[in-house]
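Below is one structure; the comments refer to it alone.
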Amino acid sequence: MAWFSKTKQRKSSIDKDELWAVCDSCKAHVYREEWEKNLKVCPKCGYHERITCQQRLQLTIDEGTFEELDSDIEISDPLKFSDAKSSYADKAADTKAKTGLNEAVLTGFGTLNGISVVIAIMDFRFFGGSLGSGTGDKILLASDYALRHKQPYIVFSASGGARMQEGIISLMQMAKTCAGISRLNKAGVPYISVLTNPTFGGVSASYAMVGDINIAEPGALIGFAGRRVIEQTIKQKLPENFQTSEYLLEHGFIDAIVERKKIKSFLHSVLQYSMRK
């Protein structure tokens with residue numbers, strides 16, 4: 001009979017990844033719609049998930065006002081570096097294709113609640129936000145633009161440190177970028193540094209920690225060497241909250257901790273104050 005010969009129709013299944021996001025900190029399952037609405041901040045433990053430079057831009061700069069600077073700057077490969085798996089050039093090509101970026105930082109200018117600013121936003125997806133020659137060039141050129149136009153400069157850092165595939169050239173970016181920030185300081189142009197999770201190595205040891213005001217997102221890991229390296233070196237157990245933004249605030253290394261949803265209004269208040277001076 002006909003009803004015996006009918007094949008069972010499979011129920012359409014929805015990928016659970018489309019419905020749920022899993023917090024990297026407390027492992028809680030959160031409806032993805034709620035997760036996105038909450039700016040990728042866990043509603044249960046407050047953990048701030050990494051976001052892309054484009055997402056950060058949308059949260060910070062007024063819609064329709066952003067203009068990118070130096071988009072043509074790309075990775076350079078002075079050492080023709082290669083490891084056992086592939087060449088630096090091949091990895092760079094893959095990374096650019098996946099992220100749509102030419103370097104680990106997006107730079108440009110726009111307005112923040114009507115105030116003209118220059119902005120640089122690092123993206124951890126691009127070689128761990130590492131500081132290469134192209135990254136340093138873009139951060140420096142953006143600071144030079146801020147200097148010429150007397151506009152406040154805001155940098156969002158997210159980095160594992162210097163890009164070792166470029167050797168000593170990557171380390172020279174620390175001095176180069178700090179020189180640009182120093183010129184802003186001498187000219188009285190405000191420089192605001194925002195540290196996000198993680199900010200380490202050559203970035204934390206250079207422009208990320210020399211802002212006129214240094215702020216961080218809650219729970220961000222910030223330091224130079226990693227926790228494991230330090231513990232193995234000093235043969236001591238470090239405090240549980242060591243290298244978190246809360247620990248740094250307590251010990252005077254940063255000025256404030258600001259939640260992601262409040263960052264734009266906080267920056268606006270800082271800019272208004274600095275412009276009255």
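The values are calculated or read from the model by the stated rules, or taken from the named source; none is laboratory data. As the structure is a computational prediction, the values presented were derived from the model and not from experiment. When we count neighbours, we look across all protein chains shown, and the Cβ atoms used for this are built from the backbone with ideal geometry, even at glycine.
Before moving on, here are some points about what is shown:
- Residue match in the stretch 219-229 (condition: part of a strand (DSSP E or B), over 16 Å from VAL105 (Cβ atoms) and either at pLDDT below 95 or under 20 Å from the mean Cα position of the chain (by Cα) (or both)): yes
- Test: GLU240 is assigned to a loop (DSSP other than H, G, I, E, B), among the acidic types (Asp, Glu) and out of contact with any strand residue (DSSP E or B) (no Cβ under 6 Å at 6 or more places or on another chain): yes
- Options LYS96, LYS80; residue that is assigned to a loop (DSSP other than H, G, I, E, B) and over 25 Å from GLN151 (Cα atoms): LYS80
One line per residue, one yes/no per condition, for (1) hydroxyl-bearing (Ser, Thr, Tyr); (2) under 20 Å from VAL194 (Cβ atoms):
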{"residue": "LEU19", "(1), (2)": "no, no"}
{"residue": "CYS26", "(1), (2)": "no, no"}
{"residue": "TYR31", "(1), (2)": "yes, no"}
{"residue": "GLU34", "(1), (2)": "no, no"}
{"residue": "ARG56", "(1), (2)": "no, yes"}
{"residue": "GLU68", "(1), (2)": "no, yes"}
{"residue": "SER71", "(1), (2)": "yes, no"}
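- Failed condition for ASP70, given (1) free of Cβ contacts under 8 Å to residues at least 60 places away in the same chain; (2) assigned to a loop (DSSP other than H, G, I, E, B); (3) under 25 Å from LEU271 (Cβ atoms): (1)
- Of everything in the stretch 75-112 that is of a type in the set (Asp, Glu) and surrounded by fewer than 19 Cβ atoms within 10 Å (Cβ to Cβ), the residue that is nearest to the chain's Cα centre (by Cα) is ASP94.
- When GLY64 is tested against (1) assigned by TED's automatic domain parsing to the domain that holds ARG125; (2) closer than 25 Å to LEU131 by Cβ; (3) in contact with a strand residue (DSSP E or B) (Cβ under 9 Å, 6 or more places away or on another chain), only condition (2) is not met.
- Unique residue being assigned to a loop (DSSP other than H, G, I, E, B), crowded, with 19+ Cβ neighbours inside 10 Å, modelled with pLDDT of 95 or more and within 22 Å of the chain's Cα centre (by Cα) when the list is GLY211, GLY180: GLY211
- Long-range neighbours under 7 Å by Cβ, at least six apart or interchain, first residue more than 13 Å from LEU106 (Cβ to Cβ) and touching a residue at least 40 places away in the same chain (Cβ under 8 Å) within the stretch 44-64, second part of a loop (DSSP other than H, G, I, E, B) and of a type in the set (Ser, Thr, Tyr): TYR47/SER25
- Screening ILE115 with (1) in contact with a Pro (Cβ under 9 Å, 6 or more places away or on another chain); (2) in contact (Cβ under 8 Å) with a residue 40 or more places away in the chain; (3) within 21 Å of GLY211 (Cα to Cα); (4) crowded, with 21+ Cβ neighbours inside 10 Å gives one miss only, at (4).
- Residue list for the stretch 220-233, restricted to those being small (Gly, Ala, Ser) and surrounded by 18 or more Cβ atoms within 10 Å (Cβ to Cβ): ALA220, GLY223
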